[in-house]
Amino acid sequence: MREMIVNELTQAVQDLARGFAHYLPRLIVMLILAFVGWMIAYVVKVVLRSILRFIKFDRLSENAGASQLLAKAALPSATEMLSRFVFWVTWLGFILLGVSVLGILGLQEQIARFFLFLPRLFVAVLILFFGMLAAGFSARAALLAAVNANVPSPRLLSLAVRSIIMVFVLSIVFEELGLAEETMLVAFGIAFGALMLGLAIAFGIGGKDLARRFLEEKFVRNKKEQDEDELSPL
Amino acid sequence: MEDGNFLTDDFLRQLINVGEVDILVGLPTHNNAKTVDSIVHAIRTGILRGFPRERAVIINADGGSRDGTPELITGISIDDVRRASSVYALRTLHAISTKYASTQQSGVALRTILAAAELLRAKACLVVSPESENITPEWVSNLVRPVYYDGFDLVSPTYCRNKFDGLLMTNLLYPMVRALYGVRVHESYMSEFGFSGRLASQFLGQNRWNEGAGENGIELRFTLAAVTGGFRICQSFLGKKDPAERRAADLVPTLRQSVGVLFSALEADFQVWSGVSGSQEVPTTGSDQELVLDPLRVNRKRLREMFVRGVSELESVFQSILSPSTLAELKRIAGLEEQFRYPAELWVKTVYEFAAAYQKSVISRDHIIQALAPLFRGRVYTFVVENRNGSANDVANNIEALCLEFERLKPYLLEMWKSKE
């Protein structure tokens, strides 16, 4: 009986030691990978930050309206955010690579999925950024054109332009990420339909007055004002 | 020598038939059938009277007219001019036409004229605007003579204008070109000008024609090229000029063609203008600035309203372009009712900050130019109010004071220009 217990204990200790001996090198490899990954991620972050500063990425982000959003949320600048994002993605990639070395069943599949998801995440971030850039540019162009043409409510017009573009951009981003595709499709359909219906009703009800005012301004008031204004800039 | 490949074979054939000339008159057109007849008449009379022994040619660069403008130009008989003006030429006076594009592009038109001048080895050249209905034969003489006889390379015109005409010229272009480049050329954006074959060749070779230089506003670039190239410049008084018909909606395209071109040139010419201090008069034949006081109807209320609205609606855009202190000051004056004035110092700072923002491309450059429009309207309002009852002398003094303000604040521009952010 005693001998059996000793044997089992020895066996258990041996198993533990074998297991430990089996995992220890893998753990060390994982830790080395994590450490090397941290160093590489850090270097990538520093290099990327310098490049972004050189190409004045913050100004681009300001034009896109992203900087204002970040500032409102008390977050660092766009350059810093992107650098940190790349740092964490790179480091996480190395950590997951290290974890996969441990050979834990089930986890490897999840890790593979994560790596497959990374390109889509990157593309989605790019689409979001350039979408915001396009929305900001178009909104400002609309605002300037409206102010210089003396169109009523220029800021509203500019906001409408920005919103329409952003709705399109977000729907593409969510589709790219594969997140709630159907929900987004339905939400987009409802939002866009509601916008168009709202505009149709607004123009239908207010159109009569608007058309009258437009025609008056175009052919009566403007003509009068032009007659009064004989300045030539050059 | 510039590669003349962009000229059509037919045009080259016509140029070969003409041979070398002494005087070349360029006439860029685009649907100008209504005015071109009297203009060509004046040009021909001017040449016959002033230069009867010289070989001369009129080159029409047409931007796809559909009203028969080129045919009118080439069809005018020299005999009609001789009969009407009782003048006789000892040489043939050619008139040839080429269609450079199907749309109007003043840059391409000028390039065509310059290339023709180079190929024909013209000694003195002249470009006439097809809108200058009140051109007289003396204009030809006044613009060509300083080049042909006195060795000048560029003859810039001066006109007799209404005191409220050309306010972009008097409130921005003239003072800024004068302060930065150090030359007092009143009409840097010229519709008529005389120039030497030497300047034509130089500009033809140096201008970056394929980088958007085919767009409008090339006349200003031409003036600046003459200044930076150290060419001899003078001014010649032409008399009364009828203002071109422009509507309020034309302000933004006008700003693009003039202020946009100036801001863009500042970048390339930095080495030249950064070392200039003060300004020099250029030799002038006749008056350098003649103002008439005929009343003009100006809708001051609308000017002020558009300024106030612009400052309020475009605040987010101005935050990227202007310094906080300038923006705060603009907001303050926009809040004033009848006492509203846009002071010279603030206007100069605004323009310089716009120029620096343009150089740094803080936002789209075209948006920067568009954003200047409401502010310019505010400045126009102030200028009109301040000079409403002023004599020609008072107006001239006010323009001079503004020029000095531009010169005084030049270090402010340099400081912003050199700063990294």
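Pairs exceeding 20 Å between alpha-carbon atoms, taken from A:Lys45/B:Lys360; B:Lys34/B:Lys99; B:Lys360/B:Lys418: A:Lys45/B:Lys360. A Förster radius of 35 Å combined with the Cβ-Cβ distance from A:Glu175 to A:Leu92 puts the calculated FRET efficiency at roughly 0.90. Using the Stokes-Einstein relation with a Kirkwood hydrodynamic radius computed over Cα pairs, the translational diffusion coefficient of segment A:1-61 at 20 °C and a viscosity of 1.002 mPa s comes to 136 µm²/s. Distance cut-off 24 Å, Cα to Cα: go down the list B:Lys123/B:Lys240; B:Lys241/B:Lys410; B:Lys163/B:Lys241; B:Lys301/B:Lys331 and report the pairs above it. Pairs exceeding 24 Å: B:Lys123/B:Lys240; B:Lys241/B:Lys410. Taking Cα atoms only, the orientation of helix B:324-334 departs from the longest principal axis of chain B by about 90 degrees.
Here the simple spin-label model places points 7 Å from the Cα toward Cβ, and for A:Glu109 and A:Ser138 these points are separated by 4.2 nm. Using the Karplus relation 6.51 cos²θ - 1.76 cosθ + 1.60 with θ = phi - 60°, the per-residue 3J(HN,Hα) values for segment A:181-190 come to 4, 5, 4, 5, 4, 5, 4, 5, x, 5 Hz, with x marking Gly and Pro. Here the scattering of chain B is modelled by Debye summation over its C-alpha atoms, one equal scatterer each and no solvent; at q = 0.06, 0.13, 0.15 Å⁻¹ the log10 of I(q)/I(0) is -0.25, -1.13, -1.42.
Cα gyration tensor of segment A:41-182, axes a ≥ b ≥ c as square roots of the eigenvalues: rounded (a/c below 1.5), prolate (a/b > b/c) or oblate? Because a/c hits 1.5 or more and a/b fails to exceed b/c, segment A:41-182 counts as oblate. Put a dot 7 Å past the Cα of B:Arg300, heading toward its Cβ, do the same for B:Lys331, and the two dots end up 2.8 nm apart.
Listed by Cβ neighbour count within 10 Å, with the fewest neighbours leading, B:Tyr352, B:Tyr148 appear as B:Tyr148, B:Tyr352. Where does the Debye-calculated log10 I(q)/I(0) of segment A:1-104 sit at q = 0.10, 0.11, 0.20 Å⁻¹, using only Cα point scatterers of equal weight, no solvent? Log-scaled intensity ratios, in q order: -0.50, -0.55, -0.95. 3J(HN,Hα) along segment B:18-35: 6, x, 5, 10, 8, 10, 10, 10, x, 10, x, 9, 6, 6, 10, 4, 5, 9 Hz, from the Karplus curve 6.51 cos²θ - 1.76 cosθ + 1.60 with θ = phi - 60°, whole Hz, x for Gly and Pro.
Kirkwood hydrodynamic radius, segment A:111-186, all distinct C-alpha pairs: what's the number in Å? The answer is 13.9 Å. Taking each DSSP H run with n ≥ 4 as -39500 (n - 2.57) and averaging over every residue of the protein assembly as shown yields -20500 deg cm²/dmol at 222 nm. For segment B:155-234, state which trypsin sites (Lys or Arg not before Pro) are in a DSSP loop and have at most 11 other beta carbons lying within 10 Å of their beta carbon. The qualifying sites are B:Arg208. The radius of gyration of the Cα set in segment B:300-418, together with its Dmax, comes out at 14.4, 42 angstrom.
Rounded to the nearest 0.05, the FRET efficiency derived from the C-beta distance between B:Arg53 and A:Arg53 at R0 = 60 Å is 0.35. Model label sites at B:Phe340 and A:Arg120, defined 7 Å from Cα along the beta-carbon direction, differ in position by 5.5 nm. Using the Cα centre of segment B:8-290 as origin and beta-carbon charges of +1 (Lys, Arg) and -1 (Asp, Glu), tell me which of B:Met190, B:Ala200, B:Tyr174 is placed farthest towards the positive end of the dipole. Going by the charge dipole, the pick is B:Ala200. When only alpha carbons are used to place a centre, segment B:324-358 and segment A:111-131 end up 46 Å from one another. Other protein chain C-beta atoms within 10 Å of residue C-beta, averaged over A:136-148: 5. Size descriptors for the protein assembly as shown: radius of gyration and Dmax over Cα atoms are 33.8, 143 Å.
Laboratory data are not the source of any read-out in this text; all were calculated from the coordinates shown. Computed from a predicted model, the values in this text were never measured in an experiment. Note that we place each Cβ from the backbone using ideal geometry, even for glycine, and neighbour counts take in every protein chain shown.
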